[in-house]
Amino acid sequence: MQVLDTFLDAMGNTPLVRLHTVTRGVRPSVLAKLEMLNPGGSVKDRIGIRMIEAAEREGLLRPGGTIVEPTSGNTGHGLAIAAAVRGYRCIFVMPDKMSPEKIALLRAYGAEVVITPTAVPRESPESYYSVADRLAAEIPGAFQPNQYWNDENPATHYDTTGPELWAQTGGGLDIFVAGVGTGGTITGVGRYLKEQRADIQIVGADTEGSVYTGDDPRPYLIEGIGEDFMPGTFDPAVVDRWVRVSDRDAFLMARAVTRQEGILIGGSGGAAVHAALEVARGIDDPEVTIVVLLPDSGRGYLSKVFSDTWMRQYGFLEGPEVVTVEQVLSSKGADLPPLITVHAHAKVRQAVDVLHEHGISQAPVVREDSADVSQFVGSIRDRELLERVFRDPDALQADVAEVMAPPIPTVEWSAPVDVAFGELERAPAVLVTKAGQVLGVLTRSDLLDHLAHRRTRPSP
């Protein structure tokens with residue numbers, strides 16, 4: 001019988017596949033290392049278990065402990081899988097530019113996710129690095145693998161990814177291309193390959209707004225590559241050449257690889273392929289072999305890179321202007337707080353007072369004071385409350401939880417207004433969410449007011 005002991009044993013030995021269509025017109029062979037075929041769907045699976053095992057050996061992580069890590073998602077998935085097998089609690093801190101799919105996947109593994117703002121400097125107490133440091137210091141038995149400074153990160157790729165590539169190409173690899181985030185992958189693979197053959201060229205794909213290629217740090221949309229500081233896991237001496245790739249070029253290439261090669265990849269993979277093709281166009285030798293590492297699957301970016309609406313919203317695709325739910329929410333007046341809620345354990349009389357105080361006809365019901373969408377457990381509407389109280393005056397003393405209606409439906413902030421319109425045909429209001437947090441409430445009246453006064457029509 002051929003049976004793996006645990007899911008972790010499926011790690012590594014990912015295939016190498018030749019690209020055919022997106023490489024038309026270039027002379028070298030371009031081969032793709034499919035790291036999305038690791039158990040958790042990314043190259044980061046390799047380092048997750050290795051960092052945990054090292055911490056266990058050193059006594060930094062003990063049974064019942066908590067793993068706290070700042071991550072763009074993929075490292076969290078690798079750690080979450082290993083933690084599920086080993087029985088650890090996980091808390092991951094992510095910037096708010098990350099896709100809803102990545103956040104949902106971490107929660108599916110049982111991890112807790114804390115969302116922080118993207119557009120703050122690393123040293124800010126609100127940055128995802130600072131928040132992770134604080135949580136790791138405050139929680140008893142917590143351990144932060146810290147992929148940015150953990151030597152197991154590049155060592156893992158030196159021990160596994162590099163030897164795999166050398167064996168798969170029979171030593172015929174000439175150029176290796178990879179996106180650079182923590183720098184662990186390119187550092188570990190690059191060191192190993194250069195020990196086998198000193199003339200192998202290592203190419204780093206970077207994004208605009210990253211310090212690796214000398215840019216001033218600023219926000220960008222590609223997830224998983226680029227940094228606003230130099231991590232300890234990155235050795236700049238390993239990289240022979242840099243190629244800077246824009247958000248637009250990375251996303252369009254990801255879509256091209258997916259549609260033309262049948263390989264579903266994310267934006268960082270698109271950036272790596274774009275860089276590989278730029279290098280290939282300058283080489284007129286068909287005997288040269290370029291290997292590009294594709295770090296993850298595009299499944300985590302369906303609402304972004306593979307959404308025409310999202311791509312048009314940021315100007316990456318041409319087409320009619322799309323009005324988004326966020327635009328409608330932002331156009332609301334400041335007469336009311338953005339979010340008015342009622343506690344599930346409040347009395348109905350108190351709920352009536354909230355509706356009356358703000359002059360509203362409905363409100364979401366929450367378990368606790370939190371914008372996390374998981375806390376929104378129901379809704380109250382004045383029409384239903386009137387009918388209940390009219391028939392039973394004692395209902396005023398009941399808990400809201402006893403009389404509440406189902407939760408108000410949700411729509412993502414970046415969705416086209418058509419989505420909100422569809423929900424508002426069935427419900428009087430919708431909750432607007434972003435990365436699992438509720439931003440506010442939109443009603444039919446809000447949508448009508450926006451369309452009437454902004455003179456903007458939803459896309460056909």
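Bear in mind these aren't lab numbers, they're just calculated from the coordinates by the rules spelled out. Computed from a predicted model, the values in this text were never measured in an experiment. Cβ coordinates were reconstructed from backbone atoms using ideal geometry, including for glycine residues, and neighbour counts include every protein chain displayed.
The table that follows gives values for the structure above.
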| quantity | calculated |
| --- | --- |
| Over 28 Å between alpha carbons, listed pairs K97/K194; K332/K434; K33/K102; K102/K332; K44/K434; K102/K347 | K97/K194; K102/K332; K102/K347 |
| Folded to 0 to 90 degrees: helix 382-391 orientation relative to the chain principal axis, Cα | 40 degrees |
| Modelled FRET efficiency - R0 25 Å, V3 with R57, Cβ distances, 0.05 increments | 0.40 |
| Computed label-point distance, nm, for sites L302 and R281 using a 7 Å Cα→Cβ extension | 3.3 nm |
| Rounded to 10°, Cα long-axis angle of helix 45-57 versus longest principal axis of the chain | 90 degrees |
| Distance between modelled label sites at T21 and R367, nm, 7 Å Cα→Cβ extension | 4.6 nm |
| Sorted by Cβ density within 10 Å, fewest first, the residues W310, W166 | W166, W310 |
| Helix-only [θ]222 nm of the chain, DSSP H runs n ≥ 4, -39500 (n - 2.57) each, per residue, nearest 500 | -10000 deg cm²/dmol |
| Of the trypsin sites (Lys or Arg not before Pro) in the range 133-214, those whose Cβ has at most 12 other Cβ within 10 Å and which sit in DSSP loop | R197 |
| Fewest-first sequence of E58, E164 by Cβ atoms within 10 Å of each Cβ | E58, E164 |
| Alpha-carbon centroid distance for the pair the range 176-228 / the range 385-428, whole angstrom | 49 Å |
| The range 252-281-the range 99-150 distance, computed between alpha-carbon centres (Å) | 29 Å |
| Translational diffusion of the chain, µm² s⁻¹ [Kirkwood Rh, Cα pairs; Stokes-Einstein; 20 °C; 1.002 mPa s] | 88 µm²/s |
| Dipole in debye (nearest 20) - the chain, about Cα centre, beta carbon charges: Lys, Arg +1; Asp, Glu -1 | 760 debye |
| Equivalent ellipsoid dimensions for the range 23-169 as semi-axes, Å, which come from the Cα gyration tensor, largest first | 28, 20, 14 |
| Burial ordering of V365, V114, V180, fewest other beta-carbon atoms within 10 Å first | V114, V365, V180 |
